[in-house]
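Participant: Just dropping this structure here.
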Amino acid sequence: MKIASTSIDLISALENHQGSTILDREFYTSEQIYQQDLQQIWYRDWVFAGHSIELPKPGDFITLQIGDCPIVLVRDREGDIRGFHNVCRHRGSKLCTETKGKTRNFICPYHQWSYDLTGKLFNARSMSDDFNYDDHSLIPIHVEVISTHIFICLAENPPSFDVFRQAAQRYFEPYSLADCKVAHETTEVENGNWKIVFENNRECYHCHKGHPELSKSFVDDLAGNSGCADTELTQFWDECEQGGLPSKSVAAHDNQYRLMRVALAPDFHSYTLDGKPAVAKRVHSSDVENSGALLLYHFPSSWYHYLGDHILSFRALPLAHNKTELTTKWLVHKDAVEGEDYQLDHLTAVWKATNEQDKTFVELVQKGVSSPVFKPGHLSEIEESGVTIFLKWYRKTMLERAKGGS
Ligand code: FES
Ligand SMILES: [Fe+2]
């Protein structure tokens, strides 16, 4: 039995990757490469954090963890959303320990140093007269909000957000995102490397057998991924665009993101088991009767489905080389009343089942690629082109940055 080497030269390994397979096992199992992923991608790129509608009032906050970095986002008294490293400037205690909530100030649980909503330290007991409060503000991070989607960047000099903003704004415009609420949310930890989670998301080779519930409404052929339904897809796009819903595929930044509308299976109006809309109130202003699903992915952290009656956002964050946290949110119109305009089970059944199934696949892959004999097999050019696109972006981004580029 030939055993794979345990040490790895990152640049050579990236340069040697041919693109027709997934990466070598070390990219999914090595602590050293995980740390490089954090340094070069997660601490340098724009990462989806949540929706601004989750922080409607001053003092509302959410927290999240990106790799080794605890983060807090808060709406300040001016109404702006600010982000900080969630780390006390005294001796480093994690400051805000709740996942979400409302507060007037942030008070450290250890020695009660107190910070206002702009991150400024205003109270530190028993310090000498020459103690400088201004030198001990919380460390800020960059925040961009686009149609309620909060993106954050931990780098001092973030990459441009403008190209994505301009492209996505047009697609988001018909949707009443600011008038939505989170009807339901789930968070689970998948025992798999973050790249396995995204690779699994970027193909539907596994959908037919793996996702019986989702496959009723989501048909990969209609999504144009197999190249079988180009004419129908173009016709669908034309109808939607005439109805004011941007639909044609757009991508940029080495395919770091892509927006594209897909038709659902005939007679399906939403991701429900019976095909009926899950919510009586719509989330866009178009008259197009069945607008399918607008799909967006944004490497490295998120993907979304914008349906006529609800919106799904998925946020994947790395917690360890073999642990990824997936948070799913179901957004509906804020005036939709549970029990009257929608039933929670009807709304969430398909993606709860799909998430559970995907978690199983991700964990099976993590277990398999961890075997020292694992060698990557060939990807399907027809069914797994999305995986190839993801790995191309990963390889290029890592190589440029590992070599000291932008
Ligand atoms: S560590 Fe926060 S007050 Fe001491
Ligand atoms: Fe899946």
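Throughout, read-outs are computed from the coordinates displayed, never taken from laboratory work. Every value quoted in this text rests on a predicted model; they were computed, and no experiment measured them. Methodologically, a virtual Cβ is constructed for each residue, glycine included, from the backbone with ideal geometry; neighbour enumeration extends over all protein chains shown.
Participant: Give me the distance in nm between label points sitting 7 Å out from Cα along the Cα-to-Cβ direction at Gln166 and Ala265, one decimal.
Facilitator: It works out to 4.0 nm between the two label points.
Participant: Quote the charge dipole size of the chain about the Cα centre in Debye, to the nearest 20; the model charges only the Cβ of Lys and Arg (+1) and of Asp and Glu (-1).
Facilitator: In debye, rounded to 20, the chain gives about 1020.
Participant: While we're looking at this one, here's another question. Please compute the length gained on full extension between Gln65 and Gln343, using 0.36 nm multiplied by the number of residues separating them and subtracting their Cα-Cα distance.
Facilitator: Here the segment from Gln65 to Gln343 would lengthen by 96.9 nm.
Participant: Can you list the aspartates and glutamates whose alpha carbon is less than 12 Å from that of Lys248, not counting same-chain residues fewer than 8 positions off?
Facilitator: Those aspartates and glutamates meeting the cut-off are Asp230, Asp238, Glu239.
Participant: While we're looking at this one, here's another question. Mind sorting Asp254, Asp45 by how few other Cβ atoms lie within 10 Å of their own Cβ, fewest first?
Facilitator: In increasing order of surrounding Cβ atoms, one gets Asp254, Asp45.
Participant: Grab the beta carbon distance between Phe374 and Ser12, set R0 = 30 Å, and tell me the FRET efficiency rounded to 0.05.
Facilitator: My answer for the efficiency is 0.95.
Participant: Turning to a different aspect of this structure: Hey, for a label at Ala155 modelled as a point 7 Å past Cα toward Cβ, could you say which residues of the stretch 53-67 have their backbone N under 18 Å away?
Facilitator: 66-67
Participant: Around Gly50, which amide H atoms from residues at least 5 apart in sequence, or from another chain, sit under 5 Å from its own amide H, with H modelled in the peptide plane?
Facilitator: Those qualifying (amide H under 5 Å, at least 5 residues apart or on another chain) are Ile150.
Participant: Just to confirm the filter: which GluC sites (Glu not before Pro) across the stretch 115-190 are DSSP coil and have at most 14 other Cβ within 10 angstrom of their Cβ?
Facilitator: Those that pass, being in a loop and sparsely packed, are Glu156.
Participant: Which ³J(HN,Hα) values in Hz, rounded to whole numbers, follow from the phi angles of the stretch 366-382 under the Karplus curve 6.51 cos²θ - 1.76 cosθ + 1.60, where θ = phi - 60° and Gly and Pro get x?
Facilitator: Result, ordered by residue: 4, 5, x, 5, 6, 5, x, 8, 5, 10, x, x, 5, 8, 6, 5, 7 Hz.
Participant: Students often get this wrong, so check it: of Lys281/Lys334; Lys100/Lys329; Lys216/Lys276; Lys276/Lys359; Lys216/Lys281; Lys57/Lys100, which have C-alpha atoms separated by over 19 Å?
Facilitator: In this structure, Lys276/Lys359; Lys216/Lys281 exceed 19 Å between Cα atoms.
Participant: Provide the gained length on full extension for the span Thr234 to Arg77, in nm with one decimal, where the gain is 0.36 nm per separating residue minus the Cα-Cα distance.
Facilitator: 51.8 nm
Participant: How big is the Kirkwood radius of the stretch 162-385, worked out from every pair of different alpha carbons and given in Å to one decimal?
Facilitator: For the stretch 162-385, the Kirkwood estimate is 18.2 Å.
Participant: Can you tell me the convex hull volume per residue for the stretch 47-153, based on C-alpha atoms, in Å³ to the nearest whole number?
Facilitator: Spelled out: Cα convex hull of the stretch 47-153, divided by residues, is 95 Å³.
Participant: Mind listing which trypsin sites (Lys or Arg not before Pro) in the stretch 52-151 are in a DSSP loop and have 14 or fewer other Cβ atoms within 10 Å?
Facilitator: Sparse-neighbourhood loop trypsin sites (Lys or Arg not before Pro): Arg77, Arg91, Arg104, Lys120, Arg125.
Participant: Shifting gears a bit: Counting only other residues whose beta carbon sits under 15 Å from that of Thr63, what net charge do I get with K and R as +1, D and E as -1?
Facilitator: Result for the neighbourhood of Thr63: 0.
Participant: Need one word for the chain: rounded, prolate or oblate. Basis is the Cα gyration tensor (sqrt eigenvalues a ≥ b ≥ c); a/c below 1.5 gives rounded, then a/b vs b/c decides.
Facilitator: Since a/c reaches 1.5 but b/c is at least a/b, the shape of the chain is classed as oblate.
Participant: Gaussian network model of the chain, Cα springs within a sub-10 Å range: biggest mean-square fluctuation belongs to which of Leu331, Leu364, Leu233?
Facilitator: Evaluated over the chain, the most mobile residue of the options is Leu364.
Participant: Here's another thing I want to ask about it. Under a point spin-label approximation (7 Å from Cα along Cα-to-Cβ), what is the Glu356-His253 distance to one decimal in nm?
Facilitator: 3.5 nm
Participant: Where the Cα atoms of the stretch 316-406 are projected onto their three principal axes, how long is each span, largest first, in whole Å?
Facilitator: That gives 55, 35, 31 Å along the principal axes, largest extent first.
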